[in-house]
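One structure is given here, and the rest of the page talks about it.
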Amino acid sequence: MTKFLLLVTIFSANLFGNADEENSIKKLKVEAIRTSSNIVIDGILNEEIWQTKNFVENFKQRDPNEGAEPTEKTKVYVAFDEEALYVGARMYDSSPDSIIARLTRKDAFVNSDLFAIFIDPYNDKRSGYYFGLSAAGTLLDGVLYNDDWDDDSWDGVWEGRVNIDDEGWTVEMKIPFSQLKFHENNLNSWGVNFRRDIARKNEIIYLVYTPKKESGFVSRFAELTGIENIKAGSQIEILPYITTRAEYKRKEIDNPFSSKSKYIPGYGADLKMGIGTNLTLNATVNPDFGQVEIDPAVINLSDVETFFSEKRPFFVEGSTIFNFGVGGARNYWGFNWPGPDLFYSRRIGRAPRGSTPDNDYSNYPDGTHILGAAKITGKVGENWNIGAIQALTSREFADIQFNRIKSEAEVEPLAYYGVLRAQKEISEGFYGLGFMSTTALRNFKDDRLRNEFNSVSYSLGLDGWTFLDSSRTWVVTGWMGMSHIQGNENRLISIQRNSAHYFQRPDAKNFKVDSSLTSLTGYAGRFYINKQKGNVFFNSAFGFITPEFDVNDLGFLWRSDVINWHIGAGYQWTEPTDFYRYIELGGAVFQNFDFDWNRTWEGIFHFGYFQFTNYYSINWNAAYNPQTVNNRKTRGGPLMLNTPGYQFNLYLSSDDRKNLVFNLGGYTYQSEHQRRWEISSGIEIRPADNFTFSISPFYARNNDYAQYLTTVSDELAALTFGNRYIFGELDQKTFGAGIRMNWTFTPHLSLQLYVQPLISSGKYTAFKELAVPNTHTFNRYGEGNSSFDNVNYIADPDGDGPANPIEIENPNFNFKSLRGNAVLRWEYLPGSVLYFVWTQTRSDFENVGDFQFTHSFDRLLDVHPENIFMIKLTYWFNL
C-alpha cells in the first residue's frame, strides 16, 4: 500500500505539477546603484561604480548540466542615472584565447560567446526587453512576450561595447530609459535576468533559469530594486530618409511604356513618439522598403495562395501585440488545421489586383503605394496591452495603349486599413482576455473594379486563456472570430466560387452559390488544452471555420469549411546521460471534416527528437493517413477520394559550435496514386569570425496520378453534374537552393548577399477525366471510344459520339529563376543608417516538361536580367 501511494504521489506531481515546489522559489534581488559620474561605454570596467562589491554572481547552468555550477565565473553590476540604465559585466575565462567571438550584423545570432540582460520594466511577469552583446561586439535586442517567447524585430537605440583581456572579456551597456516603457514611480521594482553563453562548451548560464521540463521565463525573473525617481526622458524620434533608385530592364520591342532604364528619387520619414510613459506612436509617411530581402521564387500548382512572411520594418517591429489567438500556452499544434490570420500585414501595400480593359500594351504598377501609416502600441492602465494600426494606400493606375491611343485604367482603389488589438492580463498572467478587430474600406473611381474587390470588410475576434492549477501546468486557450464582407452581386458570386469557399460544389449539402448576395458573414474558432510542465506533455485542440468565413482583405485564409481536432502527447528526457543530452518522443491522432461531415483528412502521427552527447541531433516524424474524402481536388467540382498513404521525414544536424556545420534531410509521401520525395541539405562555413557562407540545396520529385488541369462544361457528362473535370499524370522535378553570404566588417558595417536559383519542370501524360464522383476512378483519353491528340493536346471524350472535342492548353512547363540581392548596411551613427542595395532577377519559361539542368542554367544565364540599384540614407533625430 505504501509503494502504491508513493507511485501515485510521483505520478500526480508529474501530471499536475508541484505547487508547493513552485511557490517555494524565493525571488532573488538585484540592486541598481545610482551614479553621478560619467560612464564611458568602451567595454572596459575602469569606472569607480564597477569597483564596488554590489554585483551578482550566483549563476546556474541550464545547459549542458541543468542546475550545475558554471565552469567559469561571472560578475554583473547594474547602475543608473537620470538618463539611462548601465550594465557592466565581467566574464572570467580560464582560457581567454579560446573565447569564440564571431562578428555578425545586428540581431543575427550565431554560436558565439554572449552576454545578455533581460528586463521586465512593468514587472507584469509576462513581457519585457532583452539586450545582448557577443564577444565580438555584435548587438542583439528584442522584446519578450507571453512569458516564454521573444521577438528580435524590435530595434532600440542603445550603446554597448566589449573588451577581451587576460582574464576573459567584459561588457558595458547604456540603455536609455527613453527606449523602455514603464510606470513612472518614485520607487521602481522591475524584473531582471542575465544570461551568459560559453560557446566552445555549449554552456548557457542564467541568474534564474527555466528547467527544461517546465515553462515560464519572465515570470521567474529576479527583482531589480533601487531605481528611484527616473523619467522616460525624450520620447520623440524622427527618422527622415532620402533614396535614389535606378532600374535597368530589357526594353520590349514596340512597347511604348518599356524603357531600358528608369531613375526614381524618393523621400519620406518615420516618427516614433512616446505618448505618456506607456504608449508609443510609430508613423510613416511615403515609406520605402527597398532594403528588405527579396521573396523567394515558388512554383505553386495548388489552389491555395502562397504565404510570404512580413519583412518590412514598420510592420515587423512591435508586431507581437497583433498575434491573435496565441497566449498563455507555449505550443499550438496544428495537424492540418488551416489556421486563419485575422491580420496579415502584407495585404497593406501589396501588388495591385485589378484587371485592365482591352489593350495592346500596358504598364502595370509593381506595388500599391502606402501614403501613410500609423501604429500605436503599449499598455493602458495596469495590464491592458493595446495595439492599433491605421494605413491609407493610394489609388493605382496602369498605363495602357489600344489602337495607338494611350490612356490609364484604375487597377487598385483608394483603400483604408485599420486594426485594433487589446489584451488584458489578469493575476500576473494567470488569466488573459483580449479582442482584435480589422477594417478594410475601398473607394472606387472606376465602377468596373466593384466586380473585383470587396467594398467593405470587417472582422472581430475574442481570445483568451486560463491556467487550471496554481503551478500553471495546465492551460486552456482559445479564440472565436467573425468576418463580414460587402460588395456587389458579381463580386459576391466570385467570392463564393473562389478556392477558399467552392460554394459551387454540385454535391454540397449545406451551401450553394446565392447570386443575390451582397454580403457574407462567417465564423471561426479554435480551443486548446495544454500540459506544459513535467516530463509528460499533452496537447489537444478543436477548431472550426464555417464555409462563409473570409478575412482575406486584411487577413490570410487558406480555406474555409473545416472542422478539425487532434489529441497528442509525449514524453521528454531532459537529464543528460553518457549516451544522450535530450530525447523527446510524442504522437497524436487527428481528423478533419467539412460542414457536410465528410471526413476530409485523418491520421496517426509520431515525432521524435534525439540530441547526442556530441551535440549532433536527429529528428523525425511519421504518419499514416487512411482513405478519406477530398472536397478540393476538382476545384469546386464533386468529391473525390484520398487513397491511403504514409509519410516519413528525417533530419540530421551537426554541432553548430564548429566552423563547419551541416544538415541533411529527407521526406517522402507515398500512396497508391501519389509519390512525393525530397532530399535537402545545408552547409555553413565560417572561415573567419566575421564571415559566413551557407548553401542549402534541395531536389524534389512529385509523381501525381491526378493533377487537376481544367473544368469543361458539357451537359452530356451527367455522372459528373454536367462538367468534365480534366486531370493529367504529373511528373514534376524541382531543384533549388538558398545561398547566403554574411560579411561583417564591424558591428556597424555589414554586407549581406542572398541568391536563390530555382529550376522546376513538369511533364503531363495520361490525360483523363473524373469518371464517377466520390471515387478515384477516371476515363483515360485514348482508351475505349475516346481519343487524344498528343501534338495539339485535343481530347475527344467519345470519338464519333456527340461530345465536343476539348482543347487543353499545353500544360508542360520548365520554369527557371535566379533572384537575389546584396545589401551593404552602415550604421554611421546610432539609429542612422546608410544602405546600398542591388537586386537582380532573371526568369525563363518553356512549354516543355523535360528537366535538363545544364540546358536550363544556360538559358537562365542568357536571359537579360532586371537590375535595381538603390541608395537609402536615414538620419535619426532624438528630440
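The values are calculated or read from the model by the stated rules, or taken from the named source; none is laboratory data. In this text the structure is predicted, and so the values were computed from the model without any measurement. Positions of Cβ are generated from backbone atoms using ideal geometry, with glycine treated the same way; all protein chains shown enter the neighbour counts. Note: areas computed on protein heavy atoms with side chains; ligands, DNA, RNA excluded. Shrake-Rupley method; radii C 1.70, N 1.55, O 1.52, S 1.80 Å.
A few points about this structure:
- Area of residue 189 that stays accessible when all protein chains are in place (1.4 Å probe, Å², to 10): 40
- Across region 244-265, the residues whose backbone nitrogen lies under 17 Å from the label position 7 Å along the beta-carbon direction of residue 834 are 244-245.
- Taken one residue at a time, the phi angles of region 259-269 give Karplus couplings (6.51, -1.76, 1.60, θ = phi - 60°) of 9, 6, 9, 8, 10, 10, x, x, 7, x, 7 Hz. Gly and Pro are set to x.
- Taking the average, over residues, of other Cβ atoms within 10 Å as the packing measure, peptides 56-69, 472-485, 391-404 rank 472-485, 391-404, 56-69 from highest down.
- Principal axis extents of the Cα atoms in region 223-350, from largest to smallest and rounded to whole angstrom, are 73, 46, 20.
- The label-point distance for residue 536 and residue 251, in a model that sets each label 7 Å from Cα toward Cβ, rounds to 7.5 nm.
- The amide H of residue 84, built 1.01 Å from its N in the peptide plane, has 177 as neighbours under 5 Å, considering only residues 5 or more places off or on other chains.
- Difference of contour (0.36 nm per residue) and Cα-Cα distance, residue 641 to residue 403: 80.7 nm
- Computed over the chain: relative contact order in percent, which uses C-alpha pairs under 8 Å that are six or more apart: 9
- Note: relative contact order over region 720-774, using C-alpha pairs below 8 Å and six or more positions apart, is 49 percent.
- Close amide-amide hydrogen proximity is noted between residue 93 and 168, 169, each under 5 Å apart and 5 or more residues distant or on a separate chain (H modeled in the peptide plane; Pro and chain starts excluded).
- Computed from phi, the 3J(HN,Hα) profile of region 730-740 under the Karplus parametrisation 6.51, -1.76, 1.60 (θ = phi - 60°) reads 9, 10, 10, 10, 9, 10, x, 7, x, 10, 10 Hz, with x in place of Gly and Pro.
- If R0 equals 45 Å, the separation of the Cβ atoms of residue 390 and residue 699 corresponds to a calculated FRET efficiency of about 0.45.
- Cα gyration tensor shape of region 172-281, rounded if a/c is under 1.5, else prolate or oblate by comparing a/b with b/c: oblate
- Tensor-based shape of region 232-286 (alpha-carbon gyration tensor, a/c under 1.5 rounded, otherwise prolate or oblate): prolate
- Helix 2-16 axis versus longest C-alpha principal axis of the chain: approximately 70°, rounded to the nearest ten.
- Difference of contour (0.36 nm per residue) and Cα-Cα distance, residue 109 to residue 286: 60.6 nm
- For the chain, the Cβ-based charge dipole about the Cα centre amounts to some 380 debye (Lys, Arg positive; Asp, Glu negative; other atoms uncharged).
- Of all lysines in the structure, those lying under 18 Å Cα to Cα from residue 375, and not within fewer than 8 positions of it along the same chain, are 181, 272, 311.
- Reach of residue 27 by Cα under 12 Å, taken over aspartates and glutamates that are not fewer than 8 positions away in the same chain: 223
- Ordered by 1.4 Å accessible area with all protein chains kept, 119, 204 run largest first as 204, 119.
- Tilt relative to the chain, helix 853-862 - C-alpha long axis, 0 to 90 degrees, to 10: 80
- Reach of residue 512 by Cα under 20 Å, taken over lysines that are not fewer than 8 positions away in the same chain: 633
- Using the Cβ-Cβ distance between residue 353 and residue 850 with R0 = 35 Å, the FRET efficiency computed as 1/(1 + (r/R0)^6) comes to roughly 0.55.
- Efficiency of FRET from Cβ geometry, residue 29 and residue 167, R₀ 25 Å, rounded to 0.05: 0.40
- In order through region 810-825: 3J(HN,Hα) via Karplus (6.51 cos²θ - 1.76 cosθ + 1.60), integer Hz, x for Gly, Pro: 3, x, 4, 8, 9, 10, 10, 8, 9, 9, x, 8, 10, 10, 9, 10
- Region 316-456: relative contact order as a whole-number percent, Cα under 8 Å and 6+ apart: 21
- Accessible surface of residue 315 - all protein chains present, 1.4 Å probe, nearest 10 Å²: 10
- Per-q log10 I(q)/I(0), the chain, q = 0.04, 0.08 Å⁻¹ (Debye; single scatterer per alpha-carbon; no solvent): -0.21, -0.87
- Approximating the spin labels as points 7 Å out from Cα along Cα→Cβ, the residue 681-to-residue 275 distance works out to 5.5 nm.
- Checking the Cα-Cα distances for 174/379; 213/531; 251/872; 53/75 against a 18 Å cut-off, the pairs over it are 174/379; 251/872.
- When you work out D = kT/(6 pi eta Rh) for region 433-586 at 4 °C and 1.567 mPa s, using the Kirkwood radius from C-alpha pairs as Rh and the Stokes-Einstein form, the result is 70 µm²/s.
- The residues of the chain have, on average, 44 Å² of accessible surface per residue, using a 1.4 Å probe with all protein chains present.
- In nm, spacing of pseudo-spin labels at residue 622 and residue 310 (7 Å Cα→C-beta vector): 4.1
- Accessible surface of region 731-786 [probe 1.4 Å, protein heavy atoms]: carbon and sulfur percent: 54
- Tensor-based shape of region 297-452 (alpha-carbon gyration tensor, a/c under 1.5 rounded, otherwise prolate or oblate): prolate
- Maximal additional length on extending the residue 798-residue 810 stretch stands at 2.2 nm, based on 0.36 nm per residue less the C-alpha distance.
- Cut-off under 5 Å, modelled amide H: who pairs with residue 30 long-range: 223, 224, 225
- Loop GluC sites (Glu not before Pro), region 682-748, which have at most 10 other Cβ atoms in a 10 Å radius of their Cβ (DSSP): 715
- Region 333-465 - percent of accessible surface contributed by carbon and sulfur, probe 1.4 Å: 53
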